[in-house]
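Down below is the structure, laid out as structure tokens.
The values are calculated or read from the model by the stated rules, or taken from the named source; none is laboratory data. Computed from a predicted structure; not experimentally measured. Counting neighbours? That spans all protein chains shown, and the Cβs are built from the backbone with ideal geometry, glycine included. Areas reflect the complete protein model, heavy atoms only, side chains present, ligands, DNA and RNA absent. Shrake-Rupley method; radii C 1.70, N 1.55, O 1.52, S 1.80 Å.
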Amino acid sequence: MNGNGTPSADARVRVLRVGERALLVELEGGAEAEAFHAEVLRRRAAGALPGVREVVPAARTVLLDGVTDPDRLAAELPGWEVGPLSARAGRVVEVPVRYDGPDLAEVAACWGVSVEEAVRIHTAAEFRVAFCGFAPGFGYLTGLGERYEVPRRATPRTAVPAGSVALAGPYTGVYPRSSPGGWQLIGTTDLVLWDTGRDPAALLSPGTRVRFTAERPGGGSRAGGGR
Amino acid sequence: MTGRAVAVVRPGALTTVQDLGRPGYAHLGVVRSGALDPAAARLVNRLVGNAEGAAVLETTVDGCAVRPRCAVTVAVGGAPCPVRVDGRPAAWGTAVRVAAGSVVEVGTASRGLRAYVAFGGGIAVEPVLGSRSTDLLSGLGPAPLTRGTVLPLGADGAVRTPVDAPPWPGPPDVLVLRVRLGPRDDRFTPGALRALATRAYRVSPASNRIGLRLEGPPLERSVTGELASEGMVLGAVQVPPDGRPVVFLADHPTTGGYPVVGVVREADLGAAAQAVPGTAVRFVPVR
């Protein structure tokens, strides 16, 4: 990460063997994991990782499954020069949201701001899908910043409607389909997050950049979104 | 619906359509899925002249009954079980020609859990993300069979890989699972790692396509702090807070936050899928 392949770079990457053919790369934090994931995808696209069938980013790890020579790759990985995550890289998806979620007022109170200001903060942020999980096409989006972390609900809801825009910890997520869930619901989008008849099936896949825009009740985007 | 199809007469406890799964989508939260005993699925396909990756039925415990609407070659394998065609005993583990309208009855497994039923031409439901497998965790692919479900079949006779009476190892009395420790074995006490390597576990009745749940000595953690969710692989031995290991099978979640003490060799997972509740399990650590 610091450019010249200095020894200190090695300490930032821990490679763990996972069974016969997989490696789990543990990074220092979420931002490092996102940058490392982008580097893995770059190298795989360039044909440098033959056989690797799955690349699964998570909160602070990247899993590579289907590695043909795990010992060799495990030795190489800590020496990789990982470029900084480019703010310009990745597909951009705009998600129009009706900020009408039942937990919006509680989230605003948690942040110590008005509801209007909470919406402004959420629409002003630049998000990126750090990883997916929980359900097909459910992305964990980073970008709000530490001071806007919120706790999960003490009691999860048994059914969160599809299209719900929700917060938990440092993440924003959009429920691809109705499911139980413990995230704080701040709004709703009509976008279809997951459709196996579409290519790509997932609207939000790891590395996708996302902006939320405020939609007035009854349709139409509020111009500007705070920027 | 006429033509090449089979209708479900008796769905059994849980019968799903399976092929060799949909790899390559774990980063979207979609697991590979596919037949839990892939060697059995490949072999029944070869018996009827299909490509090994054609879609077959996977039954659970008590088989199923189907009525083909066309003359078709059928083979039943995997867990040994009685096979009947219109009430008459028919051969298990080999190709059987069945007339249109006959009822093929796959009986309760005498050993093992999951029988596989291949039809010439394969089950031709619409693939989802390149696979016809039912993924019970994500809800992808065709729903589990119900009475009256009609499944289309593909054109017969495209591939010929003749096999007739293949050797078929029965499910073992003791399920031996070779396990490579890690990635989170450092989160367990030396006593826990010793217990894993030396003590006997048993298959729990709560096992399913997602995981083989085990009863036995709980594995104590040396680090109790939370682990951030990380990617999971097939065969991962995840240890929830109760300390009882779960071996991840085909429909496992793609990420998880409980530590993985080790990973079972993929070659041993077919036998794991056939292990009935109560079966003794031994883990053998390997490099």
Practice item. Please tell me if A:A38 is within 14 Å of chain B (Cβ to nearest Cβ), under 25 Å from B:D251 (Cα atoms), surrounded by 13 or more Cβ atoms within 10 Å (Cβ to Cβ) and touching a residue at least 24 places away in the same chain (Cβ under 8 Å). Key: no
**Study point:** Per-region count, the range B:55-92, residues within 15 Å of the chain's Cα centre (by Cα) and buried (at least 20 other Cβ atoms within 10 Å of the Cβ)
**Key:** 11
**Study point:** Close pairs (8 angstrom Cβ cut-off, 6 or more residues apart or separate chains): under 10 Å from B:V74 (Cβ atoms) in the range B:84-96, among the basic types (K, R) and at pLDDT 95 or above anywhere
**Key:** B:A90/B:R84
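Are any residues in the range B:12-42 open to solvent by 30 Å² or more (accessible area, probe 1.4 Å) and either touching a helix residue (DSSP H, G or I) at 6+ places or on another chain (Cβ under 6 Å) or not small (G, A, S) (or both), and if so, which ones?
B:L14, B:L20, B:P23, B:Y25, B:H27, B:R32, B:P38, B:A39, B:R42
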Revision key, fill the gap. Counting only residues in the range A:199-213 that are within 9 Å of another protein chain (Cβ to nearest Cβ) and surrounded by fewer than 23 Cβ atoms within 10 Å (Cβ to Cβ), the one modelled with the lowest pLDDT is identified as A:P200
Study note, to complete from the structure: Within the range B:229-276, of all residues that are within 18 Å of B:G24 (Cα to Cα), under 20 Å from the mean Cα position of the chain (by Cα) and among the acidic types (D, E), the one farthest from the other protein chains (Cβ to nearest Cβ) is B:D251
Review point. Can we say B:A95 is of a type in the set (G, A, S) and open to solvent by less than 10 Å² (accessible area, probe 1.4 Å)?
Key: no
Check your understanding: Tell me, which residue of the range A:52-66 that is surrounded by fewer than 24 Cβ atoms within 10 Å (Cβ to Cβ) and aliphatic (A, V, I, L, M) is farthest from A:L23 (Cα to Cα)?
Key -> A:A59
Check your understanding: Are any residues in the range A:155-170 open to solvent by 10 Å² or more (accessible area, probe 1.4 Å), under 24 Å from A:A59 (Cβ atoms) and touching a residue at least 24 places away in the same chain (Cβ under 8 Å), and if so, which ones?
Key -> A:T155, A:P156, A:R157, A:P170
Exercise for review: Name every residue in the range B:131-154 that is more than 11 Å from chain A (Cβ to nearest Cβ), hydroxyl-bearing (S, T, Y) and either buried (at least 22 other Cβ atoms within 10 Å of the Cβ) or under 15 Å from the mean Cα position of the chain (by Cα) (or both), in order of residue number.
Suggested key: B:S133, B:T134
Check your understanding: Can A:V115 be described as surrounded by fewer than 16 Cβ atoms within 10 Å (Cβ to Cβ) and farther than 30 Å from A:A48 by Cβ?
Key -> yes
Review point. Could you say whether any residue in the range A:160-183 is over 30 Å from B:D251 (Cα atoms) and of a type outside the set (S, T, Y)?
Key: no
**Study point:** Scan of the range A:81-102 for residues that are at pLDDT 95 or above and in contact with a helix residue (DSSP H, G or I) (Cβ under 7 Å, 6 or more places away or on another chain), ordered by number
**Key:** A:Y99
